[in-house]
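Accompanying notes for the structure given below.
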Amino acid sequence: TKAPVITIDGPSGSGKGTIAKLLADKLGFALLDSGALYRLTALAALNADVDLADEARLADIAGNLDIQFAVANNEVSALLGGKDVSRDIRMERVSMAASKVAAIPAVRDALLQRQRDFRALPGLVADGRDMGTTVFPDAPVKIFLTASAEERARRRYDQLQGRGVSVSLRDLLEDIRARDDRDMNRAASPLAPAEDALVLDSTSIDINGVLQKVLELVHQRI
Ligand code: C5P
C-alpha cells in the first residue's frame with residue numbers, strides 16, 4: 001500500500017509552510033516543499049542567464065536540477081550544485097521568477113515525478129499549489145489554506161523587518177497580488193482547492209488553531 005500523503009495547498013504567505021513543517025515534525029513524516037523546486041529552477045535559470053521565455057531550456061533545467069535537501073538544527077536547507085542556496089531562493093526576484101517558470105507546463109511536467117518520489121513511509125506532508133489537485137490526487141488528507149492578501153503581505157513584512165530587510169508594505173502587497181494572479185489564472189495546474197480539500201482561512205485562526213483542525217482530520221483519515 002502507498003504511504004499516506006497530507007497535502008497543504010494555498011497562496012504564498014498563507015502559513016502553509018509553517019503548518020506543513022509542524023505537522024511533519026509531529027507525525028514523523030517526510031516533508032516536501034514543492035515551491036522550493038520551482039524556486040531552485042528559477043535560480044538556476046537566473047544564474048545561467050536563461051531567458052524566462054525560453055520554455056524548452058527552462059524545462060531542461062527543471063529536468064536536470066542537481067539539488068539536495070539537507071536537515072540541520074531542525075532547519076531544511078536547499079542545495080543547488082552542492083551549494084547552500086536556502087537564502088538566495090527566498091529573494092524577491094527569485095520569487096517572481098519562480099512564479100513565471102511555474103506557469104510553463106513543460107517545467108511542471110519535468111518536476112512531477114521528482115515530487116512523487118518524496119512519497120515514502122510512514123508518510124509525507126507536501127505543501128504547494130497543486131499537491132492535492134495534480135501531484136497527489138489520491139492523498140487521504142487535503143488542506144487548502146488561505147488568508148487575505150493584506151494579512152499575507154503584513155506577515156511577510158514583519159518577517160523581513162525581523163531580518164533587518166527594509167521593504168515597503170505596498171510593494172509587498174503588489175507582489176503578492178501579481179503572484180496570486182499568475183498562480184490562479186495559469187492554464188497548467190492553477191492554484192485552486194481540490195474538490196475534497198478542507199478549506200481553512202488563517203486570517204482569523206492562528207497557527208495552533210489551524211494545526212488542531214488539521215490534526216483532527218489526520219486522525220479521522222489516516
Ligand atoms: O510556495 P512558494 O512561494 O515557495 O512557491 C514559489 C512559486 O512556485 C509560487 O509562486 C508558485 O508560482 C510556484 N509553485 C507552483 N506549484 C507548487 C508550488 C509552488 O506553481 N506546487
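Quick notes on this structure:
- Considering only beta bridges that DSSP places wholly inside the chain, some 30 percent are antiparallel.
- Of 168, 77, 12, the one that fluctuates the most in a GNM where the chain has Cα springs shorter than 10 Å: 168
- Of the trypsin sites (Lys or Arg not before Pro) found in region 1-42, those in coil by DSSP whose Cβ has at most 13 other Cβ atoms within 10 Å are 2.
- Database remark: amide H of residue 8 closer than 5 angstrom to the amide H of 126, 127, 128, 143 (H placed geometrically; neighbours at sequence offset of 5 or more, or on other chains; Pro and chain starts carry no H).
- In terms of its C-alpha gyration tensor, the chain has a rounded overall shape, because the principal axis ratio a/c (a ≥ b ≥ c, square roots of the eigenvalues) stays below 1.5.
- Global geometry of region 65-110, whether rounded, prolate or oblate, following the gyration tensor of its Cα atoms and the 1.5 cut on a/c: prolate
- Applying the Karplus relation 6.51 cos²θ - 1.76 cosθ + 1.60 with θ = phi - 60° to region 186-194 yields 3J(HN,Hα) values of 6, 6, 8, 6, x, 5, 6, x, 5 Hz, where x marks Gly and Pro.
- Here the 3J(HN,Hα) profile of region 170-183, calculated from phi with Karplus coefficients 6.51, -1.76 and 1.60 at θ = phi - 60°, is 5, 4, 4, 4, 4, 4, 4, 5, 5, 5, 4, 4, 5, 5 Hz, Gly and Pro shown as x.
- Cα gyration tensor, region 5-79 - rounded (a/c under 1.5), prolate or oblate: prolate
- Sparse packing (at most 12 other Cβ atoms within 10 Å of the Cβ) combined with a DSSP loop state is found for the following GluC sites (Glu not before Pro) in region 150-222: 195.
- Residue 217 versus residue 165: modelled label distance in nm, points set 7 Å from Cα along the beta carbon direction: 2.9
- Near the amide H of residue 31, within less than 5 Å, lie the amide hydrogens of 125, all on another chain or at least 5 residues away, with H placed in the peptide plane.
- Qualifying lysines (Cα of each under 22 Å from Cα of residue 100; at least 8 residues distant if same chain): 16
- When you filter the chymotrypsin sites (Phe, Trp or Tyr not before Pro) in region 114-222 for DSSP loop state and at most 15 other Cβ atoms inside 10 Å of their Cβ, nothing is left.
Every read-out reported here was derived from the displayed coordinates using simple, explicitly stated rules and does not represent laboratory data. Bear in mind that the values here come from a model prediction, so they are computed numbers and not experimental data. Virtual Cβ from ideal backbone geometry, glycine too; neighbours counted across all protein chains shown.
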